[in-house]
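Asks: Let me give you the structure first, and then I'll get to my questions.
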Amino acid sequence: MPAKWQRFRVDAPEDFTPGMREALGKEVVEFIRRRTESGKDKDGGKFIKYSKAYINSKAFKIAGKSPSKVNLTLSGDMLIALDVLSHKSGSVLIGFEKGSEENARADGNVKTRDFMGIGDKDLENLIDKVRDNYGE
């Protein structure tokens, strides 16, 4: 079964210009990367621990991962690939390139450690940051 396309849409203010929407999307992506690397899911809760099989895997050992620090960054490629896919008036689409290896990794992770999304309060803070940076 192919991986589900991992993407989500955030609401952007209707008065945001294309540049502001792009900036908002980039801010959301960076927020998700930092949050994920700190071991928290889209709701701010801690990720569940890695399975014993994963901890004992060759890839885990080669990457020098810590069994106590769950942050979805085996190679770092998956989070780097998270990006703004598109935007239009009132919304920004964030996710992974459809069919990509990183999308498949994200699909596997989302099932047990959902990092794809942002809460309303955090989004509002980023909207305010974009407005401040554009002098509005």
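Asks: Identify all residues within region 41-64 that are without any contact (Cβ under 8 Å) to a residue 12 or more places away in the chain and either surrounded by fewer than 12 Cβ atoms within 10 Å (Cβ to Cβ) or of a type outside the set (Phe, Trp, Tyr) (or both); write none if there are none.
Replies: In the first step, residues of region 41-64 are kept if they are without any contact (Cβ under 8 Å) to a residue 12 or more places away in the chain; the result is 45, 51-54, 56-58, 61-62, 64.
Hits for region 41-64 are Gly45, Ser51, Lys52, Ala53, Asn56, Ser57, Lys58, Lys61, Ile62, Gly64.
Asks: Same structure again: Within region 1-44, how many residues turn out to be in a loop (DSSP other than H, G, I, E, B) and either within 26 Å of Ser91 (Cα to Cα) or hydrophobic (A, V, I, L, M, F, W, C) (or both)? Please lay out each step first, then the result.
Replies: Filtering region 1-44 down to residues in a loop (DSSP other than H, G, I, E, B) leaves 1-6, 12-17, 38-39, 41-44.
Pick out the ones that are also either within 26 Å of Ser91 (Cα to Cα) or hydrophobic (A, V, I, L, M, F, W, C) (or both) and you get 1, 3-6, 12-17, 41-44.
Looking only at that region, the number is 15.
Asks: A follow-up question, please. Would you check if there is a residue in region 62-78 being at pLDDT 95 or above and in a loop (DSSP other than H, G, I, E, B)? Walk me through it before giving the result.
Replies: Step one: filter region 62-78 for residues at pLDDT 95 or above, giving none.
Within region 62-78, none of the residues are at pLDDT 95 or above and in a loop (DSSP other than H, G, I, E, B).
Asks: Continuing with the same structure: What pairs come up if the first residue lies in region 75-88 and is under 14 Å from Phe16 (Cβ atoms), the second is of a type in the set (Gly, Ala, Ser), and their beta carbons are under 8 Å apart, counting only those six or more places apart or on different chains?
Replies: That search, which allows pairs on different chains as well, returns Val84/Gly25; His87/Ala12; His87/Gly25.
Asks: Here is a further query. Identify the residue in region 74-108 that is of a type in the set (Ser, Thr, Tyr) and closer than 25 Å to Ser57 by Cα and, among all such residues, is surrounded by the most Cβ atoms within 10 Å (Cβ to Cβ).
Replies: Of region 74-108, the ones of a type in the set (Ser, Thr, Tyr) are 75, 86, 89, 91, 100.
Subset that is closer than 25 Å to Ser57 by Cα: 75, 100.
Values: Ser75: 12, Ser100: 16.
Here the answer is Ser100.
Asks: Sort through Arg33, Arg113 and tell me the only one that's at pLDDT 95 or above and among the charged types (D, E, K, R). Walk me through how you get there before you give the answer.
Replies: Values: Arg113 fails: at pLDDT 95 or above.
Unique residue meeting the criteria: Arg33.
Asks: Can you name the residue in region 109-122 that is more than 13 Å from the chain's Cα centre (by Cα) and under 13 Å from Gly44 (Cβ atoms) and is also surrounded by the most Cβ atoms within 10 Å (Cβ to Cβ) among such residues? Give the steps one after another, and end with the answer.
Replies: Filtering region 109-122 down to residues more than 13 Å from the chain's Cα centre (by Cα) leaves 111-112, 120-122.
Still in the running and under 13 Å from Gly44 (Cβ atoms): 120-122.
Working: Asp120: 9, Lys121: 9, Asp122: 17.
The extreme case among them is Asp122.
Asks: Something else now. Would you pick out the residues in region 102-121 that are in a helix (DSSP H, G or I) and charged (D, E, K, R)?
Replies: Filtering region 102-121 down to residues in a helix (DSSP H, G or I) leaves 102-110, 120-121.
Glu102, Arg105, Asp107, Asp120, Lys121, listed by residue number.
The values are calculated or read from the model by the stated rules, or taken from the named source; none is laboratory data. Nothing here was measured: the structure is a model prediction, and the numbers come from that model. Don't worry about glycine lacking a Cβ; one is built from the backbone with ideal geometry, like all the others, and counts go over all protein chains shown.
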